[in-house]
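The values are calculated or read from the model by the stated rules, or taken from the named source; none is laboratory data. Note that the structure is predicted; figures quoted are calculated from it, not measured. Ideal geometry is used to build each Cβ from the backbone, glycine not excepted, and the neighbour counts take in all protein chains shown. Areas reflect the complete protein model, heavy atoms only, side chains present, ligands, DNA and RNA absent. Shrake-Rupley method; radii C 1.70, N 1.55, O 1.52, S 1.80 Å.
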Amino acid sequence: MAFRGREMMNKVLRKVGGKDLPPAIKGALKKAIPDRKVVMGRAQRGLFAGKHIQFGNQISEDGGNKSKRNWKPNVQEKRLFSYILDRHIRVKVTTHAIRCIDKAGGIDEYLLKTPYQKMDTEMGLFWKAKIEKKYEDLGNSDVVFFSPEDEEKFAQGFSDMKLSERDARKEFRRQLYSEFAKQKKAAEGKARVSYILATSDTAPGKLIANR
């Protein structure tokens, strides 16, 4: 379960993008990752919030006999929405980490408020560095504010687009259903003719001659 901090540091920087990472975040990452540390292997792929496997003894009630056992954390796979990334994050978290995220106000606030020293897993360090990088990029970007009149125009334009799209879908469905009805009617006509020919005792040529 032991791993080298340098390998973990290179892996996190490779995933986040070490070239564009600010020096402050990179320095905090180096301080958080020691040269050697023991962490449960499964915890590397999720947010465990300090909860790892524990070892101890199970004592029997009758004779007080001790038998070795372990306690594993309660791990759940969740989809957490990130407002900074504007998408859902599928990650394995413990129930303790879920309570910490709810208390912080969301996955973004939890990752931004939790120091690097407490993010003792590779997945936690990766998402924390990624969220901080995106947060800094959003802070440096220009923000444009619109007047209420412009917002009403945008809303009206969106509603008109939805109405036109709805009319186009109705027209497409109407054409599709009409074409399907024509094909079905033609297939029924062919089936009726084949049935008449199969059930008649005389040939079609004789029927025409008799008429």
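Segment 79-141: which chymotrypsin sites (Phe, Trp or Tyr not before Pro) are DSSP loop and have at most 15 other beta-carbon atoms within 10 angstrom?
Numbers: sites: F81, Y83, Y110, Y116, F126, W127, Y135; in loops: Y83.
Of the chymotrypsin sites (Phe, Trp or Tyr not before Pro), the ones in loops of segment 79-141 whose Cβ has at most 15 other Cβ atoms within 10 Å are Y83.
Could you sort out which of K78/K118; K103/K153; K78/K103 sit more than 28 Å apart by Cα distance in this structure?
On the way: K78/K118 21 Å; K103/K153 39 Å; K78/K103 16 Å.
Going by Cα-Cα distance, K103/K153 fall outside the 28 Å limit.
So what's the net charge close to S60: Lys and Arg +1, Asp and Glu -1, counting the other residues with Cβ under 15 Å from its Cβ?
Numbers: positive: K66, K68, R69; negative: E61, D62.
For residues surrounding S60, the net value is +1.
Apply the a/c threshold of 1.5 to the C-alpha gyration tensor of segment 43-199 and tell me whether it is rounded, prolate or oblate.
On the way: a/c = 4.71, a/b = 1.57, b/c = 3.01.
It comes out oblate by the Cα gyration axes.
Using per-residue counts of other Cβ atoms within 10 Å, averaged over each peptide, order 158-164, 97-103 from highest down. It would help to have the intermediate numbers written out before the result.
Numbers: 158-164: 10.0, 97-103: 16.0.
Result, highest mean first: 97-103, 158-164.
Given H placed 1.01 Å from N in the peptide plane, which residues other than close sequence neighbours of L47 have an amide H under 5 Å from its amide H?
K92, V93, T94
Roll a 1.4 angstrom probe over the protein heavy atoms and tell me the percent of accessible area of segment 63-163 that is carbon or sulfur. Spell out each step's value before the answer.
On the way: 3660 of 7050 Å².
Within segment 63-163, the accessible surface is 52 percent carbon and sulfur.
Under 5 Å between amide H atoms, partner at least 5 residues away or on a different chain: which partners does D120 have, H built in plane at 1.01 Å?
Close amide H contacts, sequence-distant or interchain: G50.
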